[in-house]
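Chemist: What follows is a structure written as structure tokens; I'll ask about it next.
The values are calculated or read from the model by the stated rules, or taken from the named source; none is laboratory data. As the structure is a prediction and not an experimental result, all values here were calculated from the model. We place every Cβ from the backbone using ideal geometry, glycine too, and count neighbours over all the protein chains shown. The protein model used for the area step is the full one, side chains on, heavy atoms only, and it has no ligands, DNA or RNA in it. Shrake-Rupley method; radii C 1.70, N 1.55, O 1.52, S 1.80 Å.
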Amino acid sequence: MRIARIRALTVLCALALVAGLITFWAIRNDSQTSAAADCPPGAVEIKTAPIPKPEEIELVVLNGTDRDGLAEQAAVQLEDRGFIVTETGDADEDYDGTALVYYGPDQYAAGLHAHAYFYQGHDAFDLDWGDKPITVVLGDDFAEVRSASDARQSFAQGGIGEAPKGTCTVE
């Protein structure tokens, strides 16, 4: 009985040593730890993951039309889908399209997620956006905010896509 215990203990120690060596090798060769090294000089890093939930995204909704109450109507629909609308109002200029979603590097994943809620909307990524909130300007073609399931499907089909010029993605 004693030899069987020694043999079992020896096998267990050998397995623990192999597991430790494999773990050390995996950590040492992990490509995620050096993602910033792949960015060209002067490029702005943008996080593409994790994609925030609507409950984590703050929006400003502006009316870019002469239709009264459009921003408030869209704000209610966005809040029903879980977004946090911090402000509504009128845009400085009229917009002819459906919706224009402005965001910067700090809100990249959130901006793309919010953009998915607007049929034929356009995103307006701006490297100089700073820490301003994501801003949605509604246009003449705006009818309603997409349902959560339609937005998820749209986002899944479009995905993150290529990083904008002057940026590099990190997760």
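Chemist: Please check which bits of the range 75-93 a label hung off Tyr119 would reach, taking the label as a point 7 Å along Cα-to-C-beta and the cut-off as backbone N under 19 Å.
Modeler: It comes to 75-81, nothing else.
Chemist: In addition: Hey, what number do you get for the chain at 222 nm if only DSSP H runs of n ≥ 4 count, each worth -39500 (n - 2.57), divided across all residues, to the nearest 500?
Modeler: -11000 deg cm²/dmol
Chemist: Evaluate the distance, in nm, between pseudo-label points positioned 7 Å from the Cα of Lys47 and of Lys165 along their respective Cα→Cβ axes.
Modeler: 2.7
Chemist: Right, another one. Rounded to the nearest 0.05, what FRET efficiency do Gln157 and Ile27 give with R0 = 45 Å and r taken as the Cβ-Cβ distance? Could you check?
Modeler: Calculated value: 0.80.
Chemist: Ok, one more. Suppose every K and R has +1 on its Cβ and every D and E has -1 on its Cβ; what is the size of the dipole of the range 14-171 about the Cα centre, in Debye to the nearest 20?
Modeler: Charge dipole, the range 14-171, about its Cα centre: 1100 debye, nearest 20.
Chemist: Putting +1 on Lys and Arg Cβ atoms and -1 on Asp and Glu Cβ atoms, find which of Pro54, Thr65, Ala16 reaches farthest to the positive end of the dipole of the chain.
Modeler: Among Pro54, Thr65, Ala16, the one farthest towards the positive end of the dipole of the chain is Ala16.
Chemist: Same structure, new question: Pull the list of the chain cysteines that no other Cys approaches to under 4.7 Å, Cβ to Cβ.
Modeler: Result for the chain is Cys13, no neighbouring Cys Cβ within the cutoff.
Chemist: Follow-up question, since we're still on this one. Calculate, axis by axis, the spread of Cα positions in the range 3-130 along the three principal axes, and write the results as whole Å, longest axis first.
Modeler: Cα extents, longest axis first: 88, 38, 23 Å.
Chemist: Name the chymotrypsin sites (Phe, Trp or Tyr not before Pro) in the range 94-164 that are in a loop by DSSP and that have at most 16 other C-beta atoms within 10 Å, would you?
Modeler: Here the sparse-neighbourhood loop sites are Tyr119.
Chemist: Using r as the Cβ-Cβ distance of Asp140 and Cys39, and R0 as 45 Å, what FRET efficiency do you calculate, to the nearest 0.05?
Modeler: Between Asp140 and Cys39 the formula returns 0.70.
Chemist: Starting from the Cα of Ala148, step 7 Å along the direction of its Cβ; do the same at Ala8; then give the gap between the two resulting points in nm.
Modeler: Each label point is offset 7 Å from its Cα along the Cβ direction, giving 5.1 nm.
Chemist: Of all accessible surface on the range 48-87 at a 1.4 Å probe, what whole percent is carbon and sulfur?
Modeler: Taking all protein chains in place, the range 48-87 shows 47 percent carbon and sulfur surface.
Chemist: Of all beta bridges DSSP finds with both residues in the range 92-148, what is the antiparallel percent, to the nearest 5?
Modeler: 55
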